[in-house]
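The values are calculated or read from the model by the stated rules, or taken from the named source; none is laboratory data. What you see is a predicted model, and the numbers here were worked out from it, not measured in a lab. With ligands, DNA and RNA removed, areas are computed over all heavy atoms of the protein, side chains included. Shrake-Rupley method; radii C 1.70, N 1.55, O 1.52, S 1.80 Å.
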Amino acid sequence: MASTGKRENPNIGITKSKRQKSGADSDKIDDLAASESVLSGFKLKTVLRDSAREKNIFLHGKLDDHEAVVILEKTPIREDTLSEMFSGSRLKLEMKNDIYSTYQLQPPAHLNEIKTTVVCPATEKHVKKYLCQETFLVEETGEDYRSITLPYIKSQSFGIQWVYNILEKKAEANRIVYEDPDQDVGFVLLPDLKWDQKQLDNLYLIAIVHRRDIKSLRDLTAQHLPLLRNIRQKGEKSILERYGVPASKMRVYLHYQPSYYHLHVHFTALGYDAPGTGVERAHLLSDVIQNLLADPEYYHSRSLSFPLRADDSLLREFKEAGRLST
Ligand code: DD3
């Protein structure tokens, strides 16, 4: 069960005290104190999705008059907490039969945390994102991109203020793992929201580029090779230095379509079946680099396939343009 990486790095070096000290300024600490009771006012409307296997639940409701999405997730049990778990827990016997017995173990509060993500105020898009929906594969030509997808992207105001907050150190500054400040080839590398950083098994970081003029894979040309090589080289180097995970244990890729239109690259643990790693959405960075080397206009001219949800308005656009076989 435990990977070797886990044994070699029982504690991945991000302890609570270190996290609190590292550069958090005083108004962020106030934010944290004020956040302690935010969920007491949550009024549940519907369960959007839940999974017994993934041990998570996605909720839609209201948080003081605003629409909100709340995601609760039980996190994996860490090997380095076991001795404390066994010595410091209450144990209630449930059943005993011959050599078999089951218990309810009540661990100390700090070993019993639930990762909680709140989106508030949430848009209809946020709510829809977590509803289980049928998907359809679209094959988008370069021409489709220019006549259907690009106008659609421009007409939608996808909120990416959170991306600019990261680049301008207005949020998550203390979580940055590496930064190359160059305005042309630079980027910020930090843990993705989905990763709680408590174990390397589900390592997930994102590199967000400083340039603000590249929406997605579609905008890339050979001109961007220095940027892409820089992200691969320095991203892999800093993840090795910080977490001890070598390049051979990571998949480095871009999504098409991305969930936000500001160029970013995903770094996930190879052994982790992260969402969005299927061939219908993930494009390995090393393939992207080689494709651009072979053809500088590769991503302007080639067809790219991707799945769209039944309720996605971009799917409707493709249908109306007669670009979809139902
Ligand atoms: C997002 C895609 C976006 C809901 C959720 C996540 N990594 C983020 C804000 C800050 C972040 C991310 C949109 C939003 Cl749960 C709607 O992701 C983020 N910070 N992926 C980091 N580090």
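Before moving on, here are some points about what is shown:
- Think of it as helices only: each DSSP H run of n ≥ 4 in the chain is worth -39500 (n - 2.57), and spread over all residues that comes to -7000 deg cm²/dmol at 222 nm.
- Sequence-distant aspartates and glutamates (8 or more away, or on other chains) whose Cα lies within less than 18 Å of LYS249: GLU8, ASP192, ASP201, GLU236, GLU241, ASP273, ASP287
- For the chain, diffusion coefficient by Stokes-Einstein and Kirkwood Rh (Cα), 4 °C, 1.567 mPa s, µm²/s: 58
- Spatial separation of Cα centroids for the stretch 247-322 and the stretch 50-88, in angstrom: 29
- Accessible area (Å², 1.4 Å probe, nearest 10) - ARG251: 50
- Among ILE214, ILE176, the order of accessible area from largest down is ILE176, ILE214, computed with a 1.4 Å probe on protein heavy atoms.
- Distant-in-sequence amide contacts of LEU270, defined by a placed amide H-H separation under 5 Å and a gap of 5 or more residues or a different chain, comprise MET250, ARG251.
- Heavy atoms of THR46 accessible to a 1.4 Å probe, total area in Å² rounded to 10: 60
- Highest mobility in the GNM of the chain, judged by mean-square fluctuation with C-alpha springs under 10 Å and restricted to LEU93, LEU48, LEU285, is found for LEU93.
- Using distinct alpha-carbon pairs, which all enter the 1/r mean, Kirkwood radius of the stretch 240-326 in Å: 15.2
- Most fluctuating residue given options LEU82, LEU228, LEU217, as computed from a GNM of the chain linking Cα atoms under 10 Å: LEU82
- Table column - 3J(HN,Hα) (Hz), the stretch 129-140, Karplus curve with 6.51, -1.76, 1.60, x for Gly and Pro: 3, 9, 6, 5, 9, 5, 10, 10, 8, 10, 10, 9
- Our Cα-only numbers for the stretch 69-172 put the radius of gyration and Dmax at 23.6, 70 Å.
- Hz values of 3J(HN,Hα) by residue in the stretch 61-67 - Karplus curve (6.51, -1.76, 1.60), Gly and Pro given as x: x, 10, 10, 5, 6, 9, 4
- GNM on the chain, alpha-carbon springs under 10 angstrom: the most fluctuating residue among HIS110, HIS60, HIS283 is HIS110.
- Our coupling estimate for the stretch 301-311, obtained by passing each phi through the Karplus curve with A = 6.51, B = -1.76, C = 1.60 and θ = phi - 60°, is 9, 7, 6, 10, 9, 7, x, 10, 6, 3, 8 Hz, Gly and Pro reported as x.
- Entry note, the chain: relative contact order of 17 percent, from Cα contacts under 8 Å with a spacing of 6+ residues.
- Surface composition of the stretch 130-174: carbon plus sulfur atoms contribute 52% of the solvent-accessible area (1.4 Å probe, protein chains only, all chains present).
- The residues of the stretch 189-326 expose, per residue, 43 Å² of accessible area to a 1.4 Å probe.
- Among the listed pairs LYS62/LYS154; LYS115/LYS170; LYS128/LYS170; LYS74/LYS96; LYS45/LYS129; LYS45/LYS319, those beyond 25 Å (Cα-Cα): LYS62/LYS154; LYS128/LYS170; LYS74/LYS96; LYS45/LYS319
- When Rg and the Kirkwood radius Rh are both evaluated on Cα atoms of the stretch 195-285, their ratio Rg/Rh stands at 0.95.
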